[in-house]
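Take a look at the structure below.
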Amino acid sequence: MEILTSDFLNVRSEVEVWHLIKTWILAERKVRQKYLRNLLQTIRFAHLNYEECRAIVNDELVKGEISDEHQIVFEICTKQRIPRDIIIACFGWHGKQPSSAVEAFDVFTYTWRKSVCMEIGHKVAYHACVVIGLKMYIAGGYDGDTFFNDFRCYDAERMKWLEMAPMHNARCYVAGCELNGRVFVCGGSDGHERLKSAEIYDTEKNQWTQLRDMHFARSDAAACTMNGRVYVVGGFNGDFVLQSVEMYIPDSDLWIEIATMNTPRSGLACVVDRDSIVIAGGFDGSARLSSVERLRSSSSYTVMLPPMPSARSNFGMCKYGDIIYVVGGYAKGVTSSVLQFDGYRWSEISALNIARSATKAVVLRAWPNPERIVSDGQNGSGRIVRTEHSKSGRESEMNEDDSGNRRSYFTRIFRGVF
């Protein structure tokens, strides 16, 4: 019971909680049926849509125990759980200037909230963002005047930003990723030229080491790590948009050109998906792109995936569970649009509160005090319950703090179930 009632229980869906309860009871039904009523109260019905609620309430186990809609509405728990892992959209370009905004995405309520505790003292865009353990690192970027070689770290345990050793090169439009517990950055622009240099940061020594140069200078590229090697995709060399993919082998400090994309791309993003890299969006030199490609680890060519519903460049991209998220970017202007991809189709979800391009999206995994990260600093939780409660899929909103409305809200749901 203590685990199931925890606000921090990490489940993909409350349906999983129900399946666990049902399996446990059926294992010794005669002995355990009496616990059903209390166990039902551990399910957060606010996270379930109409069909999911109906499936639980109409289950033979439940129908034999509870026959009155008002009884179950009175007893159900509508309090939201707090996600263990949180998607962060950090900084970027808003309007005509860079932004210091950090927003956190609550995967349970599908809402973005300003994360006041993670905001930084200065504004930056076109930076790299890498999360290693309980630290989030910001490398380089641009504030409208200065091309930075700055390197900063947000320490989750101390809940503060720290200045770390600067990079060897100033880097705007920089690509970065984690490599064997260290921060890897490459390419970008120092304000004078596009760069082919790369460097790596030792988190224990607070020290940068220069690496072998890439084959091509690249700004506006994307980078990710797969199987202990770094893949750098696309970019702009100052004259034309690149189509090539380079791979860095750390053991030999060696770069190899391994693949060619179907489309040249700068201002793109990429993310590792099992044994492949998903490459999306960008700019081909004449237009923003909605197309998406997949590069498998053993292949030298890409295959096309379903395109995004809207073209964009300079956006954030990350993977949470089995879902890929695309955050913000630039289309006909700076956008707040957020997309998700389940491997088969794209769909639009809740937008950012602040439209931004040149932003980064990362996942904070099992950080302490997640409730602080998803708080906007206002009094009370102020979190919104969003539940599809009709067969048409129409959404309703309800402030979690309003317990009276909460009960009447779920009475309306369950009246259609019984």
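Given a Förster distance of 30 angstrom, what is the FRET efficiency for residue 272 paired with residue 51, based on the Cβ-Cβ distance and rounded to 0.05? Write down the numbers at each step before the final one.
On the way: r = 33 Å, r/R0 = 1.10.
Computed FRET efficiency for residue 272 and residue 51 comes out at 0.35.
When N counts the residues of region 103-251, how does its alpha-carbon radius of gyration compare numerically with 2.2 N^0.38 Å, as a ratio? Spell out each step's value before the answer.
Values: Rg = 15.5 Å, N = 149, 2.2 N^0.38 = 14.7 Å.
Cα Rg divided by the expected 2.2 N^0.38 Å: 1.05.
Might you report the magnitude of the Cβ-based charge dipole of the chain about its Cα centre, with Lys and Arg at +1 and Asp and Glu at -1, to the nearest 20 debye?
Values: 50 positive and 51 negative charges, 159 e Å.
Magnitude of the dipole: close to 760 debye.
Could you line up 143, 106 from fewest to most neighbouring Cβ atoms inside 10 Å?
Details: 143 19, 106 22.
Arranged by neighbour count, lowest to highest, 143, 106 become 143, 106.
Report, as a whole number in µm² per second, the diffusion coefficient that Stokes-Einstein gives for region 86-373 at 10 °C and 1.306 mPa s using the Kirkwood radius over alpha carbon pairs. List each step's numbers first, then the result.
Details: Rh = 18.5 Å.
Translational D for this selection: 86 µm²/s.
State, as an integer percentage, the relative contact order of the chain based on alpha-carbon contacts under 8 Å between residues 6 or more apart.
Values: 1057 pairs, mean separation 63.5, N = 418.
Relative CO of the chain lands at 15 percent.
Per DSSP helix of 4 or more residues, -39500 (n - 2.57); summed, then divided by the residues of the chain. What does that give at 222 nm, rounded to the nearest 500? Spell out each step's value before the answer.
Numbers: 9 runs with 63 residues, N = 418.
Using -39500 (n - 2.57) per qualifying helix, the result is -4000 deg cm²/dmol.
Could you tell me which of 221, 138, 82 has its Cα farthest along the dipole of region 62-221 towards the positive end, charges placed at Cβ (Lys, Arg +1; Asp, Glu -1), taken about the Cα centre?
Among 221, 138, 82, the one farthest towards the positive end of the dipole of region 62-221 is 221.
For region 103-155 and region 213-238, write down the distance between their C-alpha centroids in whole Å.
Between the Cα centre of region 103-155 and that of region 213-238, the gap is 21 Å.
Please arrange 199, 371 by how many other C-beta atoms lie within 10 Å of their C-beta, fewest to most.
Listing 199, 371 from fewest to most nearby Cβ atoms yields 371, 199.
Under 17 Å from the Cα of residue 160, which lysines turn up, not counting those fewer than eight places away in the same chain?
114, 123, 135
Every number here is computed from the coordinates shown, using simple stated rules; none is lab data. Keep in mind that what you see is a predicted model, and the values were worked out from it rather than measured. All Cβ positions, glycine included, derive from the backbone under ideal geometry; neighbour counts span all protein chains shown.
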